[in-house]
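The values are calculated or read from the model by the stated rules, or taken from the named source; none is laboratory data. In this text, all values refer to a predicted model and were calculated from it rather than measured experimentally. Glycine also receives a Cβ, built like all others from the backbone with ideal geometry; neighbour counts cover every protein chain displayed.
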């Protein structure tokens, strides 16, 4: 069921993952694993941040992440991940609900359709 615990755990998970991925990418930079243009192959990181679950996070991946080749422009993406780590949880929560509302509106999902799949508090935040 979609509820506030789900949202809070999702935000926590993404901030923790961002911190872990910063360390992983910094390790690749330190070990000179970049190509001549600053890109590094990193399938797990590229896959994680291209998942729809993180689409509420406001960072610019288009220029830093190549989803098809699973490569990341290391330093630029590290900077983006640092923004996620330092971002206020309340702001991320707000962005999550704005994104969910937009996504559901685009697909004509109404409160009555998801009423049995989400808590009242969750639905109140989406459909405020």
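Things worth noting here:
- For the residues 73, 51, the requirement of being farther than 18 Å from residue 3 by Cβ, modelled with pLDDT of 90 or more and out of contact with any helix residue (DSSP H, G or I) (no Cβ under 6 Å at 6 or more places or on another chain) singles out 73.
- Region 82-99, subset part of a helix (DSSP H, G or I), more than 13 Å from residue 4 (Cα to Cα) and touching a residue at least 12 places away in the same chain (Cβ under 8 Å), residue nearest to the chain's Cα centre (by Cα): 84
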